[in-house]
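Heads up: the structure comes next, in structure tokens.
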Amino acid sequence: MKRGDRRRQGGARRSVTAVIAIVAAAAIASGVAYYNRSADPSGPLPVHLPPATGSYLGVYASGVPASYAGVTAFASAIQAKPDIAMYYSGWYVPFPGKFAATAASNGAVPLVQMDPDGISVARIASGHYDGYLSAYAEAVRAYRHPVILSFGHEMNGDWYSWGYRKTSPAVFVKAWRHIVTMFRALGARNVTWLWTVNIINDTQHGKIPRPDKWWPGDSYVNWVGIDGYYLKPSWKFAPLFGPTIGAVRTFTGDPILIGETGAVSAANQPAEIADLFAGIHLYGLLGFVWFDTTNSIGQDFSISSPAAIAAFRKGASTYTRPGS
């Protein structure tokens with residue numbers, strides 16, 4: 001979806017953590033057992049993340065990476081510990097070691113959406129920003145635990161400076177390869193590179209182009225991310241994500257993660273949550289990251305009702321800890 005239709009940087013991301021906390025407290029008070037999907041001990045996942053289908057449960061919560069409280073509140077509400085804690089990072093922002101360490105201690109992997117907002121992608125490709133990227137790579141290497149990095153997500157959409165019609169696919173590919181090559185040369189081998197696109201059948205705003213032109217190549221990507229949201233009760237997983245999955249499968253067999261998703265309450269959120277979990281299993285995907293907040297135009301994707309909480313908890317019970 002486009003910037004104006006969702007949320008994005010800084011103050012535009014508003015959470016309803018209080019609602020989650022209230023629902024979670026009600027669930028605990030009613031005697032619901034805490035399900036943390038950890039038959040294995042929690043703690044850092046292996047550096048080379050296992051490409052296990054139906055395993056990765058992620059969240060973007062308000063306040064990250066300055067605070068882990070939103071992730072904790074989400075976990076309490078759905079009775080499951082997330083494996084992925086996502087956040088958006090502007091250019092020149094350093095790697096948040098404290099947040100990453102907290103995520104690791106809770107059994108989660110930080111997923112960084114590294115966005116070159118207002119930055120020349122061509123100059124990234126030419127090495128102009130190598131000082132910043134080198135420092136970032138060294139901090140990630142020193143962290144030692146797994147990190148998922150996604151540079152310039154949704155580049156096949158036209159709402160970002162690095163995207164369609166604003167930056168050529170060829171320049172984007174050069175920048176992507178330059179970043180990956182630099183990180184590897186500096187020994188940051190604990191990175192899973194997530195190449196993230198928007199769904200191509202954007203049912204609200206018209207056609208989004210196939211992502212083929214932006215593909216850097218299998219040797220530069222570990223996982224593919226696909227972003228898409230449920231806005232109406234009639235929207236279901238297969239027509240929402242299926243065409244993009246099919247397009248991606250024409251040029252790579254890399255594991256796929258739904259990198260951002262959510263459902264507004266008006267879309268019958270409990271039913272859509274059940275549909276999401278079912279779709280992940282049906283297509284054999286890694287899992288998904290739930291966007292658990294309100295966007296800049298007031299669309300609320302947070303899990304905000306007992307029925308939605310119950311649907312999420314039921315779906316999470318079908319997941320196992322990655323690699324277990």
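Of the set (1) more than 26 Å from residue 280 (Cα to Cα); (2) in contact with a helix residue (DSSP H, G or I) (Cβ under 9 Å, 6 or more places away or on another chain); (3) basic (Lys, Arg), all apply to residue 98 but (2).
If I filter region 211-221 for residues that are open to solvent by less than 10 Å² (accessible area, probe 1.4 Å) and under 21 Å from residue 82 (Cβ atoms), do I get at least one hit? So far as region 211-221 goes, no, none of its residues is open to solvent by less than 10 Å² (accessible area, probe 1.4 Å) and under 21 Å from residue 82 (Cβ atoms).
Within region 265-324, the only residue that satisfies the criterion of being at positive phi and touching a strand residue (DSSP E or B) at 6+ places or on another chain (Cβ under 8 Å) is 287. Within region 66-115, being part of a helix (DSSP H, G or I) and among the aromatic types (Phe, Trp, Tyr) holds for 74, 99. Restricting region 279-309 to residues that are open to solvent by less than 10 Å² (accessible area, probe 1.4 Å) and among the aliphatic types (A, V, I, L, M), the residue that is nearest to the chain's Cα centre (by Cα) is 289. Within region 234-250, the set of residues being part of a loop (DSSP other than H, G, I, E, B), more than 20 Å from the chain's Cα centre (by Cα) and exposed (fewer than 14 other Cβ atoms within 10 Å of the Cβ) comprises 234, 250. Looking at region 171-191, which of the residues that are over 17 Å from residue 95 (Cβ atoms) and of a type in the set (D, E, K, R) is least open to solvent (accessible area, probe 1.4 Å)? Looking at residues that are over 17 Å from residue 95 (Cβ atoms) and of a type in the set (D, E, K, R), I get 177. Picking from residues in region 266-276 that are part of a helix (DSSP H, G or I) and open to solvent by 10 Å² or more (accessible area, probe 1.4 Å), the one that is farthest from residue 80 (Cα to Cα) is 266. Can you name every residue in region 135-153 that is out of contact with any helix residue (DSSP H, G or I) (no Cβ under 6 Å at 6 or more places or on another chain) and of a type in the set (Val, Ile, Thr)? If the condition is that a residue be out of contact with any helix residue (DSSP H, G or I) (no Cβ under 6 Å at 6 or more places or on another chain) and of a type in the set (Val, Ile, Thr), then 140, 148 are the ones that fit.
Applying a threshold of 6 Å to beta carbon distances and a minimum spacing of six or more residues, or different chains, the list of pairs starting in region 271-298 at a residue that is more than 24 Å from residue 73 (Cβ to Cβ) and at pLDDT 95 or above and ending at one that is β-branched (Val, Ile, Thr) and surrounded by 24 or more Cβ atoms within 10 Å (Cβ to Cβ) reads 285/256.
The values are calculated or read from the model by the stated rules, or taken from the named source; none is laboratory data. The model shown is predicted, which means the values in this text are computed figures rather than measured ones. All Cβ positions, even for glycine, are placed from backbone atoms using ideal geometry, and neighbour counts span all protein chains on display. Accessible surface areas use protein heavy atoms only, side chains included; no ligands, DNA or RNA. Shrake-Rupley method; radii C 1.70, N 1.55, O 1.52, S 1.80 Å.
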